[in-house]
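> Sharing a structure with you now.
The values are calculated or read from the model by the stated rules, or taken from the named source; none is laboratory data. Everything numeric here is computed off the predicted structure, so don't read it as measured data. Neighbour counts are summed over all protein chains in view; Cβ atoms, including those assigned to glycine, are modelled from backbone coordinates with ideal geometry.
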Amino acid sequence: MINIIYNPNFLLSSFLLFGISIFYSLRIVRPEISKEEDIFLTSITSLYAFILIIHGWRLDPILFFSQILLVFALLIIGWENIRLRGLVAKAVKSDLERNSKFMFKVEK
């Protein structure tokens, strides 16, 4: 029997699913900063969110608080990872542009 109750665990799981869907849509919006392991990470996180939806009604308050901390830490680390990937891609792009300008100057 699956017991889905609209408690705070459902809200936490939907928040996590929303965040991970944004992380997955990064492959479509900015493919230069997405990696192949992102699909694996979104699958595992989606499984975790669905487990929270189905079995979250059994969480006592202190365990639920630990799950809240875990979800927010996961989303913050993911956001920082995406931001750093963007900065690295930008730095690599500017470095390639600078090196290509230097190469053209040497050939002339």
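> Which residue, of Gly56, Gly86, Gly78, is in contact with a Gly (Cβ under 8 Å, 6 or more places away or on another chain) and small (Gly, Ala, Ser)?
Gly78
> Can you confirm whether segment 89-102 contains a residue that is part of a helix (DSSP H, G or I), surrounded by 12 or more Cβ atoms within 10 Å (Cβ to Cβ) and not hydroxyl-bearing (Ser, Thr, Tyr)?
yes
> Could you tell me how many of the residues in segment 58-70 are within 10 Å of Pro8 (Cβ to Cβ) and modelled with pLDDT under 85?
Result for segment 58-70: 1.
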